[in-house]
1. Please determine whether any residue of the range 596-611 is surrounded by fewer than 19 Cβ atoms within 10 Å (Cβ to Cβ) and more than 24 Å from ALA407 (Cβ to Cβ).
2. Residues being assigned to a helix (DSSP H, G or I) and touching a strand residue (DSSP E or B) at 6+ places or on another chain (Cβ under 8 Å): count how many of those fall in the range 387-424.
3. What do you reckon, is VAL137 out of contact with any Pro (no Cβ under 7 Å at 6 or more places or on another chain), β-branched (Val, Ile, Thr) and under 17 Å from MET68 (Cβ atoms)?
4. Return the residues of the range 347-378 that are within 15 Å of the chain's Cα centre (by Cα) and in a helix (DSSP H, G or I); say none if nothing qualifies.
5. Go through (1) touching a Pro at 6+ places or on another chain (Cβ under 7 Å); (2) surrounded by fewer than 17 Cβ atoms within 10 Å (Cβ to Cβ); (3) at pLDDT below 90 for GLN564 and report which single condition fails.
6. What is the one condition in (1) touching a strand residue (DSSP E or B) at 6+ places or on another chain (Cβ under 8 Å); (2) of a type outside the set (Ser, Thr, Tyr); (3) without any contact (Cβ under 8 Å) to a residue 60 or more places away in the chain that GLU543 does not satisfy?
7. With respect to ARG296, is the statement that it is basic (Lys, Arg), modelled with pLDDT of 90 or more and not in a helix (DSSP H, G or I) true?
8. State the number of residues belonging to the range 543-588 that are in contact with a Leu (Cβ under 9 Å, 6 or more places away or on another chain) and over 15 Å from HIS531 (Cα atoms).
Amino acid sequence: MCGIVGYIGKRQAYPVLIGGLHRLEYRGYDSAGVALLSDTDQLNVYKAKGKVSELEAVASEKDCSGTMGIAHTRWATHGGPSTKNAHPHVSESGNLTLVHNGIIENYAVLREQLQKRGMHFQSETDTEVLVQLIEYVQTSLGLSLEAAVQAALQRVIGAYAIVVLDRRTPNRLVAARKSSPMVVGIGEDGKEFFVASDASPIAEYTKQMVYLKDEEIVVCERDKELRVYTLTGENVPVEVKKVELDLTMLDKGGFPHFMLKEIFDQPSVLQDCMRGRVLPEHGRVILSAVTDHRERLIKARRFIIVSCGTSWHAGLIGKQLIEHFCKIPVEVEYASEFRYRDPVIYPDDVVMAISQSGETADTLAAIELARKAGAFVFGVVNAVGSSIARNTDTGTYIHVGPEIGVASTKAFTGQVCVLTMLALTLGEAKGTIDKKEYQAVFDELQLIPQKIERILEQNDRIAVLSKIFTYAHNFLYLGRGWNYPVALEGALKLKEISYIHAEGYPAAEMKHGPIALIDQEMPVVFIATHHQLHEKIISNMQEVKSRNGRIIAIITEGDEVVKQMVSEYIEVPDTLACLAPLLSVIPLQLLAYHVAVQKGLNVDQPRNLAKSVTVE
């Protein structure tokens with residue numbers, strides 16, 4: 001949600017800021033803006049509703065000079081999408097300007113207090129309240145910019161990542177964070193600084209990054225060393241991390257959309273995910289997290305998986321993997337519900353947080369709850385250096401590279417791959433997995449990337465198939481066992497990017513309500529690979545067929561029985577039952593993609609959605 005870029009140094013700031021905003025478009029937004037301190041020390045603020053390209057059009061005839069500035073892409077919360085609500089927001093005097101990610105929960109009270117003191121507001125946003133508060137504190141107490149930010153934030157309830165610019169101090173940017181990510185890049189000779197929501201918009205300029213922690217403030221001053229301190233004024237040692245980010249992963253690479261590129265990335269990124277962990281020369285999977293915390297993990301009373309959306313679906317598969325191979329009970333919880341329902345957590349529980357971005361607000365809150373209960377916290381994330389990675393006891397990166405498309409694809413298969421490796425490693429450590437089964441899964445896991453490539457060869461056929469179903473207003477996805485979470489994930493992908501209502505169910509539950517929906521206008525997708533309960537799911541197909549439902553079946557290659565029953569089918573290579581989700585999900589990703597393309601929709605940035613959900 002939302003994106004921030006800031007720069008201070010010797011370069012012209014505008015190209016850095018606009019280029020950074022383009023890099024952040026994947027996060028989801030509805031307006032954009034930029035503030036520049038010009039070469040003549042004028043504060044120039046340009047804003048536009050819509051895409052970054054609209055902002056560029058507005059700024060094209062304006063003065064865009066200056067070596068210091070801030071920029072923002074906004075995802076509307078307080079106040080609808082409009083130019084007046086877009087960031088940056090400017091204080092009443094015109095001296096301060098600010099960009100903000102997050103939500104100020106007590107903004108209404110603060111706004112009323114400031115209005116009583118004579119301040120006026122131009123927008124409906126909580127962000128304008130924050131910049132006015134900082135100015136009020138600065139003016140009334142005679143404070144420096146950083147001291148005013150520090151004092152103002154102590155009166156704020158909520159989440160924020162902010163960057164503030166004061167035109168009277170043209171050599172300084174001040175940034176701060178709480179429950180919303182913020183990274184500072186250190187450029188040439190340590191004398192220029194880049195500020196951003198994540199590393200992607202600034203990685204082309206520097207690999208030296210400082211990740212702010214909650215309630216930390218950073219002062220970026222031209223030609224001086226970076227200063228970091230807490231809201232209470234304590235100095236914090238500056239910890240610089242080298243971040244390696246493959247910039248080619250941030251480009252479409254000849255594909256029409258990031259989503260399609262990321263679907264096609266899956267064979268190579270799953271190999272990256274397994275590299276150094278699945279070791280053929282030793283015949284074993286080795287995860288450092290299990291090696292380093294072996295006793296704590298094998299003695300766990302239970303695992304509690306907390307996650308949201310696609311990551312929750314991966315967690316449902318992880319539950320089956322861990323229970324099957326490790327004989328440890330597993331609960332899978334929506335993080336948004338877990339944090340509020342007073343859950344029972346034991347000190348010998350392992351709470352596993354799964355998140356692509358590593359910044360999901362609800363999942364971070366669930367981690368904090370687990371920590372207070374004394375549980376061991378294990379993270380499965382993609383984004384290196386993210387908040388979840390830094391706030392867990394241990395964990396495993398999925399290493400699938402930046403995922404730009406809002407609808408997650410390669411992150412899902414990466415998460416399932418990591419959960420498979422974790423279950424194998426932990427099962428071996430506990431002695432709960434049969435050696436022959438371990439070897440079979442170990443060998444087959446290495447073949448998954450090339451089997452995905454075989455599915456991707458059907459892309460053109462799936463594109464043609466998708467044209468048949470663009471008429472539909474509803475879809476039903478059905479699966480059983482290992483493939484039930486795949487049904488949920490397939491339905492989510494379709495509704496996210498095509499805006500067609502879709503629901504996923506365990507196939508046996510169809511008779512408990514959803515069967516009432518079946519008619520000739522209702523496409524029904526069965527994930528019916530040749531594994532457990534195959535005969536049962538064939539019976540479910542018969543029930544749909546007898547009610548004139550239109551069936552699309554995901555089947556194992558050579559399944560002639562199902563081919564004769566269904567309207568359409570997509571074949572996937574044979575594999576082990578526990579690895580079936582890694583294959584059966586691929587055609588569902590492609591089907592959703594092509595249906596959305598046929599409908600002429602924005603596949604990478606679907607309406608109302610954001611890539612990184614950093615607020616509740």
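The values are calculated or read from the model by the stated rules, or taken from the named source; none is laboratory data. Since the model is a prediction, treat every value here as computed from it, not as a measurement. For neighbour counting, all protein chains shown are included, and Cβ atoms are generated from backbone atoms with ideal geometry for every residue, glycine included.
1. no
2. Here is the first cut: in the range 387-424, the ones assigned to a helix (DSSP H, G or I) are 387-390, 410-424.
Now narrow it down to the ones that are touching a strand residue (DSSP E or B) at 6+ places or on another chain (Cβ under 8 Å): 388-390, 415, 418-419, 421-422, 424.
So the answer is 9.
3. On the way: out of contact with any Pro (no Cβ under 7 Å at 6 or more places or on another chain): yes; β-branched (Val, Ile, Thr): yes; under 17 Å from MET68 (Cβ atoms): no.
Answer is no for this residue.
4. Residues of the range 347-378 that are within 15 Å of the chain's Cα centre (by Cα), as a first pass: 353-364.
Across the range 347-378, the qualifying residues are ALA361, ASP362, THR363, LEU364.
5. (1)
6. So the condition that GLU543 fails would be (1).
7. Values: basic (Lys, Arg): yes; modelled with pLDDT of 90 or more: yes; not in a helix (DSSP H, G or I): no.
So ARG296 fails the test.
8. Number satisfying all stated conditions: 7.
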